[in-house]
Amino acid sequence: MTIVRNILEPLEFKRVAKETIEKPKRQRILIPEVIVWLRMLASLKYSSMANTLSKFWEAIRLNFADMPLKTVNPAVFCNVRSKLPIEFFCKLFEVLRGHFIERFPVILE
């Protein structure tokens with residue numbers, strides 16, 4: 001995922017979200033960028049979303065022990081993820097593909 005993280009920066013997520021998602025009514029921890037990275041992590045490394053969230057919060061607690069965070073329930077994650085429109089993911093993939101082609105044109109020939 002590191003190669004993708006180096007290509008797809010936080011500003012890209014914000015821009016695509018602004019273009020494709022209705023503005024949220026309040027600040028949330030599960031912003032589109034977090035949802036995408038957790039979903040990718042689940043796809044590439046862990047067997048389930050529940051397992052991914054468990055490992056994620058475990059790492060957060062180890063590295064930021066004094067941070068007052070509540071864990072996110074997998075059902076809540078799935079609910080929030082389902083509210084993201086397909087246009088968000090399509091546009092984000094277009095951006096990722098474009099950046100990937102710019103940086104690694106030889107790989108695609």
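Here is the P(r) of the chain: all C-alpha pair distances, binned every 10 Å from 0, give 12, 40, 35, 11, 1 in whole percents. With both labels modelled 7 Å from their Cα along Cα-to-Cβ, the Cys90 to Arg28 distance reads 2.1 nm.
Using a probe of 1.4 Å on the protein chains alone, the accessible area found for Leu84 is around 20 Å². Show that you can apply the helix-only estimate: for the chain, add -39,500 (n - 2.57) for every DSSP H stretch of four or more residues, divide by all residues, and state [θ] at 222 nm to the nearest 500. Result for the chain, helices only: -20500 deg cm²/dmol. Here Glu19 sits with roughly 100 square angstrom of accessible surface, probe radius 1.4 Å.
Against the main long axis of the alpha-carbon atoms of the chain, helix 49-63 sits at an angle near 80°.
Solvent-accessible area of Val72, all protein chains in place: 20 Å² (probe radius 1.4 Å, heavy atoms, ligands and nucleic acids excluded).
Averaging the sequence gap over all C-alpha pairs within less than 8 Å and six or more residues apart, then dividing by the number of residues, gives the range 7-109 a relative contact order of 42 percent. If the chain linking Asn51 and Asp66 were pulled fully straight, counting 0.36 nm for each residue of separation and taking away their Cα-Cα distance, it would gain 3.1 nm.
The values are calculated or read from the model by the stated rules, or taken from the named source; none is laboratory data. Computed from a prediction, not measured in an experiment: that's the story for all the values here. Positions of Cβ are generated from backbone atoms using ideal geometry, with glycine treated the same way; all protein chains shown enter the neighbour counts. Side chains are part of the model used for accessible areas, which takes the heavy atoms of the whole protein and leaves out ligands, DNA and RNA. Shrake-Rupley method; radii C 1.70, N 1.55, O 1.52, S 1.80 Å.
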